[in-house]
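The values are calculated or read from the model by the stated rules, or taken from the named source; none is laboratory data. Keep in mind that this is a model prediction, so the values were computed, not measured. So basically every Cβ, Gly included, is an ideal-geometry build from the backbone, and we count neighbours across all protein chains shown. Keep in mind that these areas ignore ligands, DNA and RNA; they rest on the heavy atoms of the full protein, side chains included. Shrake-Rupley method; radii C 1.70, N 1.55, O 1.52, S 1.80 Å.
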Amino acid sequence: MRFVSALILAFTLMVCVPAYAENTNLAANPGFEEFDGNDPYFWTSGSWQNNGAFTLDTSQVHSGKSSALIINDKATDSRFKQEIKVKSNAYYRLSCWVKTENVGTGAKGANISIDGLLAASQDVKGTSEDWTYVELYGKSGSSQKSFVLTLGLGGYSSENTGKAWFDDVVVEELEGEPAIGSFVNLFKQEPDNVAPKKDVSSGAPSVNPVFILSLIIVLMIPGIMLYLNYRRNMKTGKGKKTLPVKNTVRSSAIPTDLSEPKAVKLKLDKKDFIIMAAMTLIYLLMAVLNLGNPSAPETSWTPDGTGESFVVDLGKEANPARIYYYGGLGHDRPNEGKYRLQYDDGTGNFVQLGTITKKIGDIFSWKFIAAPNIKTRYLKVIVDTPGGTMNEFTIFEQGSKAPLTGVTVKEKDTADTGKGQPENLFDEPEKADYKRSYMSGMIFDEIYHARTAFEFLNGMQPYEWTHPPLGKLLISLGIALFGMNPFGWRIIGTLFGVAMIPIMYLFGRKLFGKKFYAFCTAFLMMFDFMHFGLTRIATIDVYGTFFIILMYYFMYDYFANKSYALGFKQSLRPLFLSGMFFGLGAASKWIGLYAGGGLALLFFLTKYQEYRDYQNLARYKAKAPSWVKDFMPFYLYRTILLCIPFFVIIPGIIYALSYIPFFNVPGGENDLGLILRNQSSMFRYHSKDVLNSTHPFSSFWWEWPLMRRPLESYLGADLPAGISSSMTIIGNPAIWWAGIVAIIAAVILAVKKKDRKMTAIFAAIAFQYLPWVGVSRIVFIYHFFSTVPFMILSIVYVIKALLEKYPEMKTLVYTYLVLVFVLFVMFYPVLSGLEVPRWYVDIFLLWFKGKWIF
């Protein structure tokens, strides 16, 4: 009978439940019994906006001695993760035991799921007295090699609070399709014609031809148009007047200023070019000095599976005080990667030394693990979580700041499917700096923008999508030319900052006429702290601000001239150029869209004034100047109609073309709806997702001109006692504080003198600054950058008014310019990262303790 019963039970199990190929658990450390402190081996963790906490708990276990615990004090999506190697077209069962406490019932509870997919097991909510079993069945794809298992509390767009324990995780391959329950795909649905991913195991980017084509298309038209505009100015700059038709005065009763309109032209001579060239060259030398190292580790290794390892021979018995590592970026899960370091204790046993857990900021920068006072010849590296790329490991011995050479890989247990070899991690020790600094790695938001530029070059999924792509495209041009190193990812933004100097000179010359005022305009831009600091790091604000200056520069041409004095075709050129730079600015950052309001205001004010001129002359009928009959069809209706392509269609095309790198991602979204979906995601991010964020350097819009809360973009490490090194985003007090008064004074003066030309500058200030008044998300002082050029123009306008009325005040103006320069020299260390004694910073620069942090 017992034999028969056993047969019946065996038959029942075969029919009712799926069988397992080898009954092998593919999950490593499934019971969280192996760990270092609260860090379980082979698992990583992460939560939305870092609101979750992760630990191990020995008081609550399903079996063994410990379990994994997630604590969400705030509503968030938190997960433990592990990459699981799988076979293609195979079925798997994923299961674990879960216990919960005070988990909200209105969102997703504790569950088991697949990273990057919405599919998940049943979830556990509330407070559970006993452990609950949860499971999920899935099938791998035809070319799938792995998936990322997650144990989570909450879910995508379903953040939750509470506590959740996880234990006894099992991942098993099934012999066939599960007989009980449904199954999900363990992969994202991909098109059949997905191109293979390029090997980016080298830190040197492989220049993508589609990227190069998109960059050429985006930049070619502005370059051609600027060249043609320059040639036109050179031809007409010698006092030549271009009128549409003869403006013959047919009656002395007609106002002369209406019957004989004159075109205002910018006339430059050799002295102008000498001044611009000298100022630009001086600033260029200042800006590129210590910009960043022109080289970084390039060869790399990307592990393919959990548990891979290799042993390192140091070449001698050594005392490794610091083990440096330089993280790279690979296609597969580039944000992740967890490595365990062990050392031989002299008996052949390897003892835990430390753990490297790659985070978002641990890319293209040197980090290190401090080793205890040990002596060993061999180190061992074990991969807990694959996916992240490593470019270099460098060892520094106790008491030495020179890297240990002659390090080799003794033995390795690695898969052939990984990218590169472990030997690549020890072939460039000379590129490691014992004293890490901004010169050798990414700082501040470079971890988003410069990283995305690298991804554009290599056809990878862009990481940073919260701003339009053009700024990152321009950064990637420097990477393509100079390599993936600090100099490469910063140089293009620096050159744009350099180019602002002659542009500001031209703007000042155009507005104020004399060379001295043009010099003052460029000089103030040269020595403004924020201009210097923000353009020397790989962020996108420089590009948006650069194009905003140019769009107002050309709109001023239209605003300051009568269109009928220029002639119909000639009058369209500044509109076209302004619209083109509007498109480039909007494609760099949405602050360019704010400028569109100012451009529209200036355009319609111009047309209103011209329409009044037309009405005043139309009553003279046959005696009126000949341009009057062309005004309504050409200078009004046709011009307004042409503004649609100038300010809508062409900018829209530029904006759409900047998204070409997104379409170049193998297996990614490739429909035009991607662009619209990204706009929606960007708006949601800036209006909602960032709303609840906090940051120690955030500030209110009214604080920016006062500089109550500067932003520290870099703080030096490994410095001798009493030495300081930092880079701070702040304004020059002599410019910013004077600018507050100057803007108010300039408005009063312009109204009193009925000086129409300053309307363009006031419009720029209003539309670049005032929109931030209603923004409720966290904001920073660098958002004021696009207002600074126009604040400078207001200062120079006041200087001009003072000197015209009180010529003897020229000495005072010179003194003011000297003060601007002296303050720049004084604050240069905290703008550039220069190392100086700490007492110098505390005594001379720390004007507001608790607010200013250098």
The stretch 45-120 to the stretch 469-548: how many Å between their Cα centroids?
-> 47
Contact order normalised by residue count of the chain, Cα under 8 Å, 6+ apart, percent = 11
Once the other residues with Cβ under 11 Å from the Cβ of Ser88 are scored (Lys, Arg +1; Asp, Glu -1), what is the net sum?
-> +3
Could you work out how far the C-alpha centroid of the stretch 752-799 sits from that of the stretch 267-304, in angstrom?
-> 28
Taking the chain as the reference, fit the longest principal axis to its C-alpha atoms, fit the long axis of helix 446-457 to the helix C-alpha atoms, and give the angle between the two in degrees, 0 to 90, nearest 10.
-> 90
Taking the Cα centre of the stretch 592-751 as origin, work out the dipole magnitude from +1 charges on Lys and Arg Cβ and -1 charges on Asp and Glu Cβ, in debye rounded to 20.
-> 960
Determine, for each peptide in 740-746, 655-661, 53-59, the mean count of other beta carbons within 10 angstrom over its residues, then list the peptides with the highest first.
-> 655-661, 740-746, 53-59
Per residue of the chain, what 222 nm ellipticity follows from adding -39500 (n - 2.57) for every DSSP H run with n ≥ 4, rounded to the nearest 500?
-> -12000 deg cm²/dmol
Rounded to the nearest 20 debye, dipole of the chain from Cβ charges on Lys, Arg, Asp, Glu | 6660
Going by average Cβ neighbours within 10 Å, how do the peptides 718-726, 794-802, 602-610 rank, with the highest at the top?
-> 794-802, 602-610, 718-726
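Quick one: putting +1 on the C-beta of Lys and Arg, -1 on the C-beta of Asp and Glu, what dipole do you get for the stretch 374-438 around its Cα centre, in Debye to the nearest 20?
Magnitude of the dipole: close to 320 debye.
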Going toward the positive end of the dipole of the chain, with +1 on Lys and Arg Cβ and -1 on Asp and Glu Cβ, which of Ala120, Gln421, Leu793 do you reach last?
-> Leu793
In what sequence, highest mean first, do 585-598, 832-845 appear when ranked by Cβ atoms within 10 angstrom?
-> 585-598, 832-845
Could you tell me which of rounded, prolate or oblate describes the stretch 315-438, using a ≥ b ≥ c as the square roots of the eigenvalues of the alpha-carbon gyration tensor, with rounded for a/c under 1.5 and, failing that, prolate when a/b is larger than b/c and oblate otherwise?
-> oblate
Lys/Arg +1, Asp/Glu -1 at C-beta; the chain dipole; positive extreme among Leu577, Gln768, Ile447 = Leu577
Note to self: C-alpha centroids of the stretch 609-685 and the stretch 403-453 sit apart, in Å, by 48
Once you have a ≥ b ≥ c as the square roots of the Cα gyration tensor eigenvalues for the stretch 45-84, tell me rounded if a/c is under 1.5, and otherwise prolate or oblate according to whether a/b is larger than b/c.
-> oblate
Just going by the charge dipole of the chain, with Lys and Arg at +1 and Asp and Glu at -1 on Cβ, which of Phe603, Trp48, Ile591 is farthest out on the positive end?
-> Phe603
Entry for P(r) over Cα pairs in 20 Å bins from 0, in percent (calculated from the structure that is shown) out of (1) 13, 39, 30, 14, 4, 0, 0; (2) 15, 46, 32, 6, 0; (3) 13, 36, 29, 16, 6, 0 | (1)
For the chain, what is the accessible area per residue in Å² when the probe is 1.4 Å?
-> 43
Rounded to two decimals, what is Rg over Rh for the stretch 617-733 when you use alpha-carbon atoms and the Kirkwood radius?
-> 1.25
